[in-house]
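Written out below as structure tokens is the structure these notes cover.
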């Protein structure tokens with residue numbers, strides 16, 4: 001029995017040393033892929049079966065990191081499925097779809113990673129689909145809200161009143177107050193003038209539904225070309241929801257609008273934005289009589305033109321292609337109503353085109369003043385040429401590697417944005433870039449730059465600390481700018497008695513909350529100490545941001561019961577919090593039930609000190625404890641993999657878990673690096689974030705670890 005205890009003692013001491021060094025050097029919270037949220041960015045380490053894949057697909061996948069590939073696949077699944085429900089009548093559901101927090105997080109994280117891996121085109125396609133999905137859902141919600149006013153089913157009670165009055169200028173507060181209330185529901189009856197105005201509003205919104213649907217479908221097509229896959233299901237969802245709105249809108253058109261027939265043709269289909277294509281035709285009433293000497297607005301693809309007809313109803317307009325794809329062979333021509341007209345087109349003819357690319361003139365400017373974190377940065381610009389502006393051209397505003405906003409030019413080709421400056425733009429003079437256009441469009445992508453002066457803003461940091469367990473303290477604090485908001489997404493150093501014990505990250509309101517396990521070396525020097533006063537601090541500093549450094553400090557009295565007994569039982573260090581530490585405490589207190597939750601497999605303790613067997617033994621112990629103690633199993637699995645890789649790649653035990661990962665990343669092959677990342681992330685979750693975890697989650701990690709350990713030990717033999 002003595003020999004058995006001696007072997008176990010050596011094993012626990014070995015694990016204690018690894019655990020303590022990881023804590024003293026390292027990171028307590030956070031994950032490389034935390035931006036994706038909810039674990040959705042965790043990469044898969046399973047090998048990709050290339051036997052039935054398109055060679056182009058295989059080559060593109062080789063250009064992706066494991067995480068990027070996982071994020072791309074998850075984002076594509078959401079897009080391809082058409083999960084967003086736009087076919088119903090419930091505006092609330094549509095607004096809920098607009099949020100799409102998981103999809104947005106996937107796309108944003110993927111875009112960040114793709115900048116490092118050279119997959120910007122694919123990331124740009126995802127970003128465009130996200131933007132177009134939101135615009136389309138908003139267009140449908142806006143139409144349905146207006147239609148409920150039109151058919152008399154809208155309720156103007158309570159909070160809805162203010163929204164309705166603001167949205168429809170032709171409905172006043174007096175109109176709302178004059179309505180009768182029945183059963184707690186306020187209904188509103190429109191007069192003829194208001195109905196006419198509302199019909200025009202519905203027509204405008206119906207066109208917006210159409211145009212945003214076209215753009216979203218076009219974005220799907222772009223992604224199809226990049227991925228060489230079909231997104232038919234997502235496209236079909238868009239078409240069905242558009243058809244639902246169109247059927248409803250026909251009733252509005254029948255009641256209020258004059259319908260016109262339109263013809264269109266071109267004698268020379270070749271042209272560009274700088275060399276317009278001449279489109280001509282005739283406009284007539286439904287009975288064939290000419291719409292003579294009339295004014296109308298035509299839309300050709302994404303460009304609008306106001307033109308007049310002659311006495312016989314004929315017209316001519318110069319079409320300047322801007323956003324149309326370069327391989328397009330025809331474009332639709334249609335009559336769209338102006339805010340004051342009640343005419344609509346019965347026909348939507350197509351004209352042939354042969355698009356030549358041209359480069360637009362781009363201008364961008366900002367006010368001549370400095371700007372700090374969360375202050376408004378005004379950006380104005382113009383896209384077009386001497387002949388006028390280019391409408392609906394996509395653009396992005398970027399500075400210091402940060403994409404501040406994306407959008408489309410207005411009908412005159414102008415850009416007018418007011419943006420809160422993020423923290424990740426360094427102080428000083430920074431280049432601000434306006435990037436416009438998309439690949440394979442009539443306007444060649446180009447950009448223009450200007451300079452913006454960024455001012456550093458001071459910060460204030462606060463911290464509170466309370467003891468929650470024998471050596472565990474709960475920390476809470478906040479990072480703010482004076483007389484301003486909290487600062488989210490900032491890394492905060494955590495210190496005890498001046499020693500850095502890790503970091504945490506501020507949340508959306510600038511607050512943070514986490515826990516620390518205090519190492520024995522920071523508690524006290526006396527063998528019989530029962531209490532120790534600790535200086536607990538937080539510090540913020542980031543030279544890459546526009547925020548000043550700050551720090552905060554507080555004191556906490558740490559009360560302990562058996563400091564000397566625990567220290568003597570381990571012999572060298574106290575383990576970090578977690579299942580292994582609990583096991584050691586139970587063992588030293590002589591409780592016989594400690595081995596019921598962590599049984600000692602045969603030969604386990606000896607294997608820790610024998611070259612070539614320690615990793616296998618640790619894995620065996622991990623599997624033995626998996627069913628009852630998955631947290632311990634996860635820690636043992638990490639120790640097994642790390643022990644194996646340290647022997648192969650020369651890592652140091654004093655390195656934190658992420659320092660060790662980066663050391664191996666430079667020389668290990670892709671499968672080993674991917675497995676190590678997965679195992680490290682899981683280890684971080686159970687040890688530092690104290691997340692509950694199941695055996696079903698841990699077992700795949702142990703299986704992957706076993707494959708790597710087995711292959712490396714087999715190669716050595």
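Can you tell me how much longer the chain between residue 153 and residue 328 gets when fully stretched, taken as 0.36 nm per residue apart minus their C-alpha distance, in nm with one decimal?
This chain segment gains 58.7 nm when fully extended.
Can you give the FRET efficiency to the nearest 0.05 for residue 258 and residue 419, using r as the Cβ-Cβ distance and R₀ = 45 Å?
Here the calculated transfer efficiency is 0.55.
What is the calculated FRET efficiency for residue 499 to residue 713, with r their C-beta to C-beta distance and R₀ = 30 Å, to the nearest 0.05?
On the way: r = 37 Å, r/R0 = 1.24.
E between residue 499 and residue 713, to the nearest 0.05, is 0.20.
Where in region 316-331 does the label zone of residue 225 land, with the point 7 angstrom along Cα→C-beta and an amide N cut-off under 16 Å?
Taking a point 7 Å out along Cα→Cβ of residue 225, the residues of region 316-331 whose backbone N falls under 16 Å are 322-331.
Let me test this: with uniform point scatterers at the alpha carbons of region 366-453, what is the Debye-based log₁₀ I(q)/I(0) at q = 0.25 1/Å?
Once normalised to I(0) and log-transformed, intensities are -1.27.
Taking a point 7 angstrom from the Cα of residue 354 along the C-beta vector, which residues in region 431-475 have backbone N less than 18 Å away?
442
How far is it, in nm, from the label point at residue 543 to the one at residue 370 when both lie 7 Å from their Cα along the line to the Cβ?
Between residue 543 and residue 370, the label points sit 1.9 nm apart.
May I ask you to compute the full-extension gain from residue 469 to residue 509, defined as 0.36 nm times their residue separation minus their alpha-carbon distance, rounded to one decimal in nm?
Extending this stretch completely gives an extra 11.6 nm.
Obtain the radius of gyration and the Kirkwood radius of region 616-671 from its C-alpha atoms and give Rg over Rh.
On the Cα set of region 616-671, Rg over Rh gives 1.03.
Any chance you could run the full-extension gain for residue 314 through residue 669? It's 0.36 nm times the residue separation minus the Cα-Cα distance, nm to one decimal.
On the way: separation 355, 0.36 × 355 = 127.80 nm, distance 7.00 nm.
My answer for the length gained is 120.8 nm.
Rounded to whole Å and ordered largest first, report the semi-axes of the equivalent ellipsoid of region 258-355 derived from its Cα gyration tensor (root of 5λ). Before the final figure, lay out each step's value.
Working: eigenvalues 109, 34, 27 Å².
Sorted largest first and rounded, they come to 23, 13, 12 Å.
Which value, in Å to one decimal place, does the Kirkwood hydrodynamic radius take for region 297-417 when every pair of different Cα atoms is included?
Numbers: mean 1/r = 0.0590 Å⁻¹.
About 16.9 Å for region 297-417.
Compute the FRET efficiency between residue 192 and residue 169 as 1/(1 + (r/R0)^6), taking r as their Cβ-Cβ distance and R0 = 22 Å, and round to the nearest 0.05.
FRET efficiency, residue 192 to residue 169: 0.85.
Where a number appears in this text, it was derived from the coordinates with a stated rule and is not lab data. In this text, all values refer to a predicted model and were calculated from it rather than measured experimentally. Don't worry about glycine lacking a Cβ; one is built from the backbone with ideal geometry, like all the others, and counts go over all protein chains shown.
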